[in-house]
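What follows is calculated from the coordinates using simple rules that are stated; it is not laboratory data. Quick caveat, the model's predicted, so the values are computed rather than measured. As a convention, Cβ positions derive from the backbone with ideal geometry for all residues, glycine included, and neighbour counts pool all protein chains shown.
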Amino acid sequence: MDIVWSLGLGAGTVVLFLELNTQSFSAWAALALMLLWSLRMGMHLFFNRILSDKEDSRYQRLKNHSGVYWKWVFLLFFLLQVFFIFIFLFPIKAAMESSEISFLGFQVFGLIIGCLALAGETLSDIQLNRFSSNPKNKLKVCKDGFWRYSRHPNYFFEWLFWLSFVGLACGSERMYISLIGPVAMYIFLRHITGVPFAELSSLESRGDAYRLYQKETNVFFPWFPKI
């Protein structure tokens, strides 16, 4: 299910790019960022979810609550991902349509933000996987690297990645559409599919250790931990 999301957005971006009459800097930048994002996300999900012996706790919980109708519920979620791919292609399209040279500085800034976000998300995953692979840390909470400053740095950098398309869309007549990316992604990650399920799972598996982590560390935006 997750693979469809990552590879679907990458494929959709390629289609949008090929339909352009002229390929501007912002169009090439958006294409490069999305292909890197799709490749990184696809590989991460393939090796850490599909090849893993342990199913994602979010899907396991959804299956348990759905009872005998779980296949229909999963089909609905699958189709919803196709719909969201369509929605998130709008900010990418807005970025690709920007060709105003006078806004090149904003577009370069957007590209830099996108690259930093991809690097931050990759490092966050590496830090968590390295921590989780150590049997001694089974009941402990990861506070390595970015995880010391945010309880969900991977989600934060994912949100930041979509903010980069606002910069790339500067000069486009439909720049306002690029706001769909960061606004929708924040709502989903912070309040619907990301943080709530991850917090619940961590509380179930780590108990008081995670409750202390909640008191010390910001939930989303990185900041210095409380003492």
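Here are a few things to note about the model shown:
- Packing-based ranking of 143-149, 34-40, 190-196, 178-184 yields 178-184, 34-40, 143-149, 190-196, ordered from highest to lowest mean Cβ neighbour count within 10 Å.
- Euclidean distance of C-alpha centroids, segment 206-227 and segment 14-33, integer Å: 40 Å
- When all alpha carbon pairs of segment 149-227 are counted in 5 Å bins from zero, the resulting P(r) reads 3, 16, 20, 19, 16, 10, 7, 5, 3, 1, 0 %.
- Peptides 213-219, 122-128, 86-92, 58-64 ordered by average Cβ neighbours within 10 Å, highest first: 86-92, 122-128, 213-219, 58-64
- Estimated Rh, the chain: Kirkwood, alpha-carbon pairs, angstrom: 18.8 Å
- In this simple spin-label approximation, residue 227 and residue 74 carry label points 7 Å from Cα along the Cα→Cβ vector, and these lie 5.0 nm apart.
- Per-q log10 I(q)/I(0), segment 1-125, q = 0.09, 0.15, 0.22 Å⁻¹ (Debye; single scatterer per alpha-carbon; no solvent): -0.34, -0.80, -1.28
- Per-pair calculated FRET efficiency, R0 = 30 Å: residue 102 and residue 2 via Cβ, rounded to 0.05: 0.15
- Kyte-Doolittle at least 1.6, axis length at least 24 Å by Cα - qualifying DSSP helices, the chain: 2-18, 70-96
- Distance between the 7 Å Cα→Cβ label points at residue 86 and residue 140: 4.8 nm.
- At q = 0.21 Å⁻¹ the log10 of I(q)/I(0) for segment 1-62 amounts to -0.80, computed by Debye summation with a single uniform scatterer per C-alpha, solvent ignored.
- Listed by chain and number, the lysines placed with their C-alpha closer than 20 angstrom to that of residue 71 are 54, 63; residues fewer than eight positions away on the same chain are left out.
- Shape summary of segment 149-194, radius of gyration then Dmax from alpha carbon positions: 11.7, 38 Å.
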